[in-house]
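The structure appears right after this line, and notes come after that.
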Amino acid sequence: MQFPHIVSLAREYSQRCANETRRQEISMASPVVHFEIGAKDVEKLINFYSSVFEWEISPLTDDLYIADPRSEEGIEGHLFQINREDDFSNLVLIYVQVDDIWGCLEQAEDLGGKIIIQPQEIPGNASHYALFNDPSGNSIGLLQKRLS
């Protein structure tokens with residue numbers, strides 16, 4: 001006697017398990033953990049993002065604000081004022097958490113990227129950051145909890 005519905009349920013369960021395993025494997029990769037959005041008129045950014053996405057935005061300094069999406073699924077980031085003398089008028093930057101910041105920078109360079117900022121310690125924190133441009137010129141930030 002065959003039970004097609006059990007076979008179907010078993011297949012569905014097996015697929016769900018495989019999908020969950022893939023999600024866990026993906027989540028173990030280098031996740032995006034922070035973002036920064038800058039503009040010459042930071043007040044416009046604050047009004048825009050707090051209205052469109054209902055983010056809670058609080059000042060950290062005169063020209064730096066923390067953007068909290070107020071969601072367990074989201075990540076915090078910064079909105080910041082770009083100085084008049086800067087060569088650019090806006091910027092969106094993501095930060096990716098990595099285990100080996102030097103190895104990641106080396107691989108990025110090998111694949112056509114360009115290091116912009118060598119690893120720097122974040123004051124008052126056990127973390128370090130670096131910046132590089134990908135082959136298309138996009139700036140990407142790296143974060144590592146402890147520099148080895």
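The values are calculated or read from the model by the stated rules, or taken from the named source; none is laboratory data. Predicted, not measured: the structure shown is a model, and the values here were computed from it. Methodologically, a virtual Cβ is constructed for each residue, glycine included, from the backbone with ideal geometry; neighbour enumeration extends over all protein chains shown.
Quick notes on this one:
- Boolean, ILE75 is within 16 Å of the chain's Cα centre (by Cα), surrounded by fewer than 17 Cβ atoms within 10 Å (Cβ to Cβ) and touching a residue at least 40 places away in the same chain (Cβ under 8 Å): yes
- Looking at segment 34-117, the strands (runs of 3 or more DSSP E) lying wholly inside it that each contain 1 or more residues that are within 17 Å of GLY137 (Cβ to Cβ) and among the hydrophobic types (A, V, I, L, M, F, W, C) sit at 90-97.
- Top-ranked residue in segment 78-97 [being hydrophobic (A, V, I, L, M, F, W, C) and farther than 18 Å from TYR65 by Cβ; ranked as surrounded by the most Cβ atoms within 10 Å (Cβ to Cβ)]: VAL96
- Among the residues of segment 96-148, those that are among the aromatic types (Phe, Trp, Tyr) and closer than 22 Å to GLY77 by Cα comprise TYR129, PHE132.
- Of all residues making up segment 19-77, the number that are within 19 Å of TYR95 (Cα to Cα), among the polar types (S, T, N, Q) and modelled with pLDDT under 85: 2
- The single condition among (1) surrounded by fewer than 13 Cβ atoms within 10 Å (Cβ to Cβ); (2) assigned by TED's automatic domain parsing to the domain that holds TYR65; (3) acidic (Asp, Glu) that GLU109 does not meet is (2).
- Within segment 123-140, restricting attention to residues that are more than 16 Å from LEU111 (Cα to Cα) and not polar (S, T, N, Q), the residue that is surrounded by the most Cβ atoms within 10 Å (Cβ to Cβ) is ALA130.
- ASN125 assigned to a loop (DSSP other than H, G, I, E, B), outside the structural domain of GLU56 (by TED's automatic domain parsing), closer than 22 Å to ILE37 by Cβ and over 16 Å from the mean Cα position of the chain (by Cα): yes
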